[in-house]
1. Using alpha-carbon positions, what is the distance between the centroids of segment 283-322 and segment 242-268, in Å?
2. Would you mind checking segment 340-366 for residues with the amide N under 14 Å from a putative spin-label position 7 Å along Cα→C-beta of Met332?
3. Just order 358-366, 115-123 by mean Cβ neighbour count inside 10 Å, highest at the front, would you?
4. Would you mind putting 319-331, 260-272, 41-53 in packing order, based on average other-beta-carbon counts within 10 Å, highest first?
5. Among Ser194, Phe133, Thr339, pick out the residue whose Cα is farthest towards the positive end of the charge dipole of the chain, where Lys and Arg carry +1 and Asp and Glu carry -1 on C-beta, about the Cα centre.
6. Among the lysines, select those whose C-alpha is under 22 Å from the C-alpha of Lys41, and discard any that sit fewer than 8 residues away in the same chain.
7. May I ask for log10 I(q)/I(0) of segment 40-157 at q = 0.11, 0.12, 0.14 Å⁻¹, from a Debye sum over the Cα atoms as equal point scatterers with solvent left out?
8. At each listed q (0.16 Å⁻¹), what is the log10 of I(q)/I(0) that the Debye formula gives for segment 231-381 modelled as equal alpha-carbon point scatterers?
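The values are calculated or read from the model by the stated rules, or taken from the named source; none is laboratory data. Keep in mind that what you see is a predicted model, and the values were worked out from it rather than measured. Glycine gets a Cβ as well: all are built from the backbone with ideal geometry, and neighbour counts include every protein chain shown. Accessible surface is based on the protein model in full, side chains and every heavy atom, while ligands, DNA and RNA are left aside. Shrake-Rupley method; radii C 1.70, N 1.55, O 1.52, S 1.80 Å.
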Amino acid sequence: MEPDLVKSSLFYADQRLCSAEILSPSEVRARIEVAVLNFLKILTSPTPAVATLPLVSRTSDNSGLRHGLLSDVSSVFLSHSICTRSLTRANDAKAFIRVWKVMEICFQVLHQGKLVTQRELFYKLLSDSPEFFTSQRQVNITVQDVVALLRCTRQSLGIMASSRGAIIGRLLLQEPGEEIIDCSVLGQAGHVISGDLNLLSKLVFHSDARYIIIVEKDAIFQRLAEDRLFNQIPCILITAKGYPDIATRFILHRLNQNFPDLPVLALVDWNPAGLAILCTYKFGSITMGLESYRYACNVKWLGLRGDDLQLVPQHSLVQLKPRDLQIARSLMSSKLLQTYAAELTIMVEIGHKVEIEALYCHGFDFLGKYIAGKIVQADYI
């Protein structure tokens, strides 16, 4: 483990943690140049060795749960265990080349002072190297490989988060030099969260909210926005419309830092995927462990939970599918589950799941009453 990498870590005292640094374009270009020179040195040496790329391993075996020293936030961390991509190994050869192709594009983007989304990156690579890139997933995995190789964040590489998120409620936000946006007077779609983390880092917030509520689904978010829940309960509503993207997690983390006394509550489906979404907001994710830990928040589970099954008719329960059971097994084997293990066990034992929309059996206005009742009773874990 190189001393400079440890000392530059945000958690210097915790030498287990391998982190992705926020670097300037010139620093990232320098790291790419060093990687190229090392590769050429291997190829041109009198006794050329097999070319490999040393990447920080993104597996559950190399992960752990780090508890904050000065806060109640816990987060995923990756230690310094290394895996490799090899030019000669059959299953790795194309993945090895993909890393160099992505670094090449990033080098050009940084030189031009631009930002690109991973979707834009995919179409550029599909055009330039169709024999190596055939899907968005290949690009996403390769970007994480580059992060694991260079140990810098995606934003530092010139790759902008593709945000799906939206926010509404008791919040004023302002970009430098721009007019103030009052998120309490917007339409039900809310304010679109930018994917530019540099821009999000400069936002100025003002709020008289007492709660921050994460909503798993866009349809539920829009229902609560249309009902103006934030006028009944002074709150900020935020959604990533499913699994959380980095931009939504980033702005949630900033809100949590700016307003540390506001409880962050999550409203998700009562199923393994809903629990996985909650855990991603709360702890981060193993696959993005090098940078994901930065955005962890102490999220409380508002609902739906097992105790709420009495509120919905029996026919609203849907049988767990193989994909649900696969997610459940993954969560059960994780060190992250902790207090939520009992809920997941109940789901698996009864073999069913329930979506938030099942509460509409009591009328479309019941959801706001349900949330209000939970908050008044402090009924969250």
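1. Their Cα centres are 15 Å away from one another.
2. From segment 340-366, the list is 341-352.
3. With the highest mean Cβ count within 10 Å placed first, the list reads 115-123, 358-366.
4. Packing proxy ranking, top to bottom: 260-272, 319-331, 41-53.
5. Phe133
6. Counting by Cα, and skipping residues close in sequence, Lys41 has these lysines nearby: Lys94, Lys101.
7. Ignoring solvent entirely, the Cα scatterers give -0.46, -0.54, -0.71.
8. Treating every Cα as an identical point scatterer, log10 I(q)/I(0) equals -0.94.
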